[in-house]
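Reading through the structure tokens given below for one structure.
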Number of protein chains: 2
Amino acid sequence: MTEHSLWRFSRALHRAIDERQYADLEALIDDDVDWAIYGPIDMFPFFGARRGKAAVLDVIRRIADNVRVHRVNRESVLLGVDSAASMIRYSLTALDSNKPISLRLAHFAQFKAGRLSNIRVLVDTFDLVEQALGRPIHLPKLAS
Amino acid sequence: MTEHSLWRFSRALHRAIDERQYADLEALIDDDVDWAIYGPIDMFPFFGARRGKAAVLDVIRRIADNVRVHRVNRESVLLGVDSAASMIRYSLTALDSNKPISLRLAHFAQFKAGRLSNIRVLVDTFDLVEQALGRPIHLPKLAS
């Protein structure tokens with residue numbers, strides 16, 4: 001049984017972010033990849049939509065310029081033949097401030113011939129914004 | 001081929017929220033269900049963790065007290081034998097203000113004998129908070 005594309009891609013992605021080794025990752029991204037991370041792009045310019053391998057490698061380089069990955073805790077995972085979804089809790093370090101960031105995200109990924117062809121990432125953005133600001137945002141209680 | 005538990009559960013959930021008919025839903029929740037919606041519980045008291053069928057039905061009633069579901073757009077879905085993950089874009093109406101709310105979430109669910117036994121829900125919380133406040137939260141640009 002061959003290894004699922006998700007595991008190869010995840011290893012290559014973390015290697016790219018932590019060691020700035022992009023060769024493995026480059027081989028695992030479809031030329032016409034469709035990529036989106038939902039979240040406030042004004043604060044985090046590496047959020048948002050990207051199309052094509054060059055744009056996706058560029059955004060991964062920008063992520064690598066801003067954080068290091070400490071720990072990856074995959075809380076849920078579901079694998080299809082050429083698809084995968086997981087919920088992951090990341091422990092990161094922000095490189096500029098050296099501060100720890102804890103981040104939960106969910107992704108849905110599709111692979112074509114072993115290469116990432118589509119990914120949608122949802123982030124617990126409010127929690128992330130508060131950590132990045134370094135202070136809580138005061139919220140009214142809205143619902144009963 | 002029998003229908004996947006996800007579809008039965010989703011129909012019953014939306015019926016509960018929109019029509020306050022809880023009987024179908026009650027039969028599809030495991031007595032010892034483990035439930036969590038990640039997000040700012042100070043602003044939205046129906047976020048957070050719940051354990052057991054009574055607590056989960058109570059929180060669904062509180063959600064039904066606050067919103068109606070207009071449209072459900074399931075953008076991604078992955079089904080396992082007794083599990084399911086999907087990313088959904090909801091068009092909701094806040095009942096107190098009559099304002100539309102657009103909400104993207106991802107869930108990972110497990111079923112036992114056709115009943116929901118575990119669910120984790122991640123919401124694009126920052127976007128939701130801004131909509132609930134009715135104004136944007138000013139954010140500094142943090143990353144390069």
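Read-outs throughout are calculated quantities, based only on the coordinates presented, and are distinct from any laboratory measurement. Predicted model, so just to flag it, every value in this text is computed and none were measured. So basically every Cβ, Gly included, is an ideal-geometry build from the backbone, and we count neighbours across all protein chains shown.
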Next on the checklist: What does the extension gain come out to for B:Ala49 and B:Arg89, with contour length at 0.36 nm per residue minus their alpha carbon separation?
Outcome noted: 12.2 nm
Checklist outcome for this item: For B:His14, inter-copy label-point distances (7 Å, Cα→Cβ), nm, shortest first, read 3.7
Next on the checklist: Could you work out the relative contact order of chain B? I mean the mean sequence separation of Cα pairs under 8 Å and 6+ apart, divided by the number of residues, in percent.
Outcome noted: 22 percent
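Cut-off is 10 Å between beta-carbons; in what order do A:Ile60, B:Ile41 appear when sorted fewest neighbours first?
Details: A:Ile60 22, B:Ile41 13.
Fewest-to-most ranking of A:Ile60, B:Ile41: B:Ile41, A:Ile60.
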Checklist entry - Which of A:Phe111, A:Phe47, A:Phe126 moves most in a GNM of chain A, Cα contacts under 10 Å? => result A:Phe126
Checklist outcome for this item: Note to self, chain B gives a 222 nm [θ] from helices alone (DSSP H runs n ≥ 4, -39500 (n - 2.57) apiece, / all residues, nearest 500) of -8500 deg cm²/dmol
Checklist outcome for this item: Sorted shortest first, the nm distances from the B:Asn98 label point (7 Å along Cα→Cβ) to its counterparts in the other copies are 5.6
Next on the checklist: Just to check I understand the Karplus step: with θ = phi - 60° and J = 6.51 cos²θ - 1.76 cosθ + 1.60, what whole-Hz values come out for the range B:23-31, glycine and proline as x?
Outcome noted: 5, 4, 5, 4, 6, 10, 10, 5, 4
Checklist entry - At what distance in nm do the modelled label points of A:Trp7 and B:His138 sit from each other, each positioned 7 Å from its Cα along Cα→Cβ? => result 5.0 nm
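Report the per residue volume, in Å³, of the convex hull enclosing the C-alpha atoms of chain B.
128 Å³
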Next on the checklist: Modelling each spin label as a point 7 Å along the Cα-to-Cβ direction, I'd like the A:Asp58/B:Asp65 distance in nm, to one decimal.
Outcome noted: 5.0 nm
Checklist outcome for this item: A correct Stokes-Einstein calculation for the protein assembly as shown, using the alpha-carbon Kirkwood radius, 10 °C and 1.306 mPa s, returns a whole-number D in µm² s⁻¹ of 79 µm²/s
